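J.: Sharing a structure here in structure tokens format.
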Amino acid sequence: MTLEEVLQFSYRWCQDLDQAQIRHELGLNPNTGVDWDCFCREVCEMELFENSVKIGGESKVVQIGESKFGKRINKAVSKAIYKELRNRVISTPSAQKKYNSCFVNDTFDWSEIYSLPHRVTSDTKLREFQFKLLNRYLVTNDFLNKIGVLPSPACSFCGKESESLEHIFISCHYAKDFWAEVIKWLYNLKVDVKNISNREILLGMPGCEDEFFVNHVILITKHYLYSCRCKNTYPLVNVFTARLKKIQDLELLIAKSKNNLSNYTAKWGKFLRNTDLLFTYLKYSALDSFHTYQGEHIWVCRVL
Ligand SMILES: [Zn+2]
């Protein structure tokens, strides 16, 4: 469907028109009509589940559907819910409330926090991962145990404590040791993040020195820790740096295709100054000249 058709469909859907009528007016085939009808309902359902508020009230009867538990929510009910949602006062999302309660002394610029992954990487997988973490959608054993999927909430790494998001990324000693290795590795690249806080691990460090590089590395580290948890393996620094190298190579290719090597060099400059990695890097590119970045000479490679 074109954007115009999507808007036309959504508008008519909100006006309570019948699906067959909408299809007829927009000349859509039946499958497309059914799909978009379902999408519209799911948007209402997701919004409702994420920001649960009391609906109805005195002398109001509210019918609750069971779509997430087997039965599809019927259209009349979903539209009633949508109308309630339109009229309600927007409250703080529950994930933000949770982070506020974890870090009571901090103030949060949520628009900055949410936009950070989009600024530091074009990798949609990493952006999606951080979005899920910010909204606390990432599955942990703690959650799987609560819903009866796993018999124990024990951590996938240490097997001792309950596996919450905070545990798997911060307090588990496997995670702590791994962060210490990454921080040491960054320090060798003259990137000092020794004082990184728990909050910065989870939400990122907007506005820090080497913002793009540091936050990208933080994202990759978290994503790597989580993928180890999913694969039942332990995190290893060698595997992590190999992954980082792959990502850097990919960004080089993208920079080549967009003819935008200056931004690429500004972001990865300190990484490329590492002699071993520079050596590997030179396998792919031809050495061109010295350039100055933040007062220091760095190698800039002419892309073949
Ligand atoms: Zn653990």
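Only the coordinates and a few stated rules stand behind these numbers; no lab work does. All values derive from a computational prediction rather than experimental measurement. Cβ: placed from backbone, ideal geometry, glycine included. Neighbour counts: every protein chain shown.
J.: For Cα pairs less than 8 Å apart in space and 6+ apart in sequence, what is the mean separation divided by the residue count of region 99-302, i.e. the relative contact order in percent?
T.: Numbers: 188 pairs, mean separation 32.5, N = 204.
Rounded, it is 16 percent for region 99-302.
J.: Fewest to most neighbouring Cβ within 10 Å: what's the order for 86, 136? All intermediate terms of the calculation are to be shown ahead of the outcome.
T.: Details: 86 9, 136 17.
Ordered from fewest to most neighbouring Cβ atoms within 10 Å, 86, 136 come out as 86, 136.
J.: Which of 118, 167 has the fewest other C-beta atoms within 10 Å, and how do the rest follow up to the most?
T.: Numbers: 118 12, 167 20.
With the fewest neighbours first, 118, 167 line up as 118, 167.
J.: Estimate the FRET efficiency between residue 58 and residue 17 by the formula 1/(1 + (r/R0)^6), using the beta-carbon distance for r and 22 Å for R0, to the nearest 0.05.
T.: Numbers: r = 31 Å, r/R0 = 1.41.
Efficiency at R0 = 22 Å is approximately 0.10.
J.: Ranking request for peptides 24-34, 123-133: highest mean number of other beta-carbon atoms within 10 Å first, then the rest in descending order.
T.: Per-residue Cβ counts within 10 Å, averaged per peptide and sorted highest first, yield 123-133, 24-34.
J.: Right, something else. Roughly how compact is region 156-250, stated as its Cα Rg over 2.2 N^0.38 Å to two decimals?
T.: 1.04
J.: Still on this structure, I have one more. Give the aspartates and glutamates reachable from residue 160 as a straight Cα distance under 19 Å; neighbours fewer than 8 places away on the same chain don't count.
T.: Cα-Cα hits under 19 Å: 142, 177.
J.: A follow-up question, please. Using 0.36 nm per residue of separation minus the Cα-Cα distance, give me the extension gain between residue 119 and residue 173 in nm, one decimal.
T.: Length gained between residue 119 and residue 173: 16.4 nm.
J.: Shape call for region 99-302 from the C-alpha gyration tensor, a ≥ b ≥ c root eigenvalues: rounded (a/c under 1.5), prolate (a/b greater than b/c) or oblate? All intermediate terms of the calculation are to be shown ahead of the outcome.
T.: On the way: a/c = 2.12, a/b = 1.81, b/c = 1.17.
It comes out prolate by the Cα gyration axes.
J.: Something else now. In nm, to one decimal, how far is the modelled label at residue 185 from the one at residue 254, with both set 7 Å along Cα→Cβ?
T.: So the label points at residue 185 and residue 254 sit 2.0 nm apart.
J.: Another question, then. For a quick protection proxy, order the peptides 170-176, 191-197 by their average other-Cβ count within 10 Å, most packed first.
T.: Going from most to least packed, we get 170-176, 191-197.
J.: Could you please rank 11, 114, 264, placing first whichever residue has the fewest other Cβ atoms within 10 Å of its Cβ?
T.: With the sparsest Cβ surroundings first, the list reads 11, 114, 264.
J.: Round to a whole angstrom and tell me the spacing of the C-alpha centers of region 220-247 and region 140-157.
T.: Cα centroid of region 220-247 versus Cα centroid of region 140-157: 22 Å apart.
J.: Just grab the label-to-label distance for residue 107 and residue 160, each label 7 Å out from Cα along the Cβ direction, in nm (one decimal).
T.: That separation, rounded to one decimal, is 3.9 nm.
J.: Be a star and scan region 131-168 for residues whose amide nitrogen sits under 12 Å from the point 7 Å along the Cα-to-Cβ vector of residue 232.
T.: From region 131-168, the list is 156-157.
J.: Could I ask something else about it? What order, most packed first, do the peptides 211-221, 91-101, 226-236, 177-187 have when packing is the mean number of other Cβ atoms within 10 Å of each residue?
T.: The most tightly packed comes first, giving 211-221, 177-187, 226-236, 91-101.
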